[in-house]
Amino acid sequence: DYWTNATSAILANRQFCADHAARFRTYREGLWGLSAALGPDGYEAYGASPGNHVFHDGTVAPYVVAASMPFLPEVALATYRRMEQLSPALWTRYGLGDALNLDRGFASPHTIALDQGLALLMIENMLTGLTWRLFMRHPIAQRALAAAGFVPGGLTEPIAPPVIPGNPGASISVPLLEHAVAVDADLQEWLRREAIELTPTERRHVESGFF
């Protein structure tokens, strides 16, 4: 369930920052939004447990907060306004800059199109739901969701993928690529030596292995 998953991820992101508020002023001010961003030391992939890449230094990404608005509008909008209040220099001609770190006195003067595009689309979704409605009306999206087994309605927890021919262990594997491949529909270059596997354990999906 995408909605449940996204909401849980947002709350976990917020809670992780709150749990480390004693170390960083940015978090003490109630700010959150860990993700890859153009921080004070350049572009970094800021992350948190239980992810494999755990690195954070008080840098938060406003676009993550903006992208959370359809799911938790009151929390996200209050945080976004707080960011602007605490750091007026963060404002650019395209909205809030890519990253903020109060501990370092850093407000990114730059924006990244990918990040701002995400913020723009999700703010529109909060206001009108337009982007989601347009996407869901498209025949390709409808066929893909049907083929993947999605059904209308909400789930409170993940469900196990079915055991069917071609998926005997009810798991999903993604092949590891040891070199760059050409996007030419020739799958001979894909080497299946290691994989990331999503396996239902105690009715939850657990990541194992690596890319």
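Here 21, 48 are screened, and the one residue that is at pLDDT 95 or above, surrounded by fewer than 22 Cβ atoms within 10 Å (Cβ to Cβ) and in a loop (DSSP other than H, G, I, E, B) is 21. Is it true that residue 16 is under 13 Å from the mean Cα position of the chain (by Cα) and more than 19 Å from residue 86 (Cβ to Cβ)? Answer is no for this residue. Being buried (at least 23 other Cβ atoms within 10 Å of the Cβ), of a type outside the set (Phe, Trp, Tyr), at pLDDT 95 or above and within 24 Å of residue 22 (Cβ to Cβ), is that true of even one residue in region 85-93? No: zero hits. Here residue 82 fulfils each of the conditions (1) open to solvent by 30 Å² or more (accessible area, probe 1.4 Å); (2) over 16 Å from the mean Cα position of the chain (by Cα); (3) more than 26 Å from residue 126 (Cα to Cα); (4) free of Cβ contacts under 8 Å to residues at least 60 places away in the same chain apart from (3). Can you tell me which residue is nearest to residue 73 (Cα to Cα) among those in region 24-45 that are without any contact (Cβ under 8 Å) to a residue 24 or more places away in the chain and surrounded by fewer than 17 Cβ atoms within 10 Å (Cβ to Cβ)? Among those that are without any contact (Cβ under 8 Å) to a residue 24 or more places away in the chain and surrounded by fewer than 17 Cβ atoms within 10 Å (Cβ to Cβ), it is 28. With respect to being at pLDDT 95 or above, within 19 Å of residue 44 (Cβ to Cβ) and surrounded by 14 or more Cβ atoms within 10 Å (Cβ to Cβ), residue 104 fits the description. Of all residues in region 51-75, those satisfying the criterion of being part of a loop (DSSP other than H, G, I, E, B) and open to solvent by less than 50 Å² (accessible area, probe 1.4 Å) are 51, 56, 57, 58, 59, 61, 68, 69, 70, 71, 72. Within region 1-14, residues that are part of a helix (DSSP H, G or I) have Cβ atoms under 7 Å from residues that are open to solvent by less than 100 Å² (accessible area, probe 1.4 Å) and of a type outside the set (A, V, I, L, M, F, W, C) in these pairs: 3/154; 4/154; 10/68; 13/33, counting only partners at least 6 apart in sequence or on another chain. When region 119-131 is filtered for residues that are closer than 25 Å to residue 27 by Cα and open to solvent by 70 Å² or more (accessible area, probe 1.4 Å), only 120 remains.
Every residue, every condition in (1) within 22 Å of residue 127 (Cα to Cα); (2) among the small types (Gly, Ala, Ser), yes or no:
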residue	(1), (2)
42	no, yes
53	no, no
61	yes, yes
64	yes, no
76	yes, yes
86	no, no
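The values are calculated or read from the model by the stated rules, or taken from the named source; none is laboratory data. Worth saying up front: this structure is predicted, and the values here are computed from it rather than measured. Positions of Cβ are backbone-derived with ideal geometry, glycine not excepted, and every protein chain shown enters the neighbour counts. Heads up: the accessible areas ignore ligands, DNA and RNA and are worked out on the full protein's heavy atoms, side chains in. Shrake-Rupley method; radii C 1.70, N 1.55, O 1.52, S 1.80 Å.
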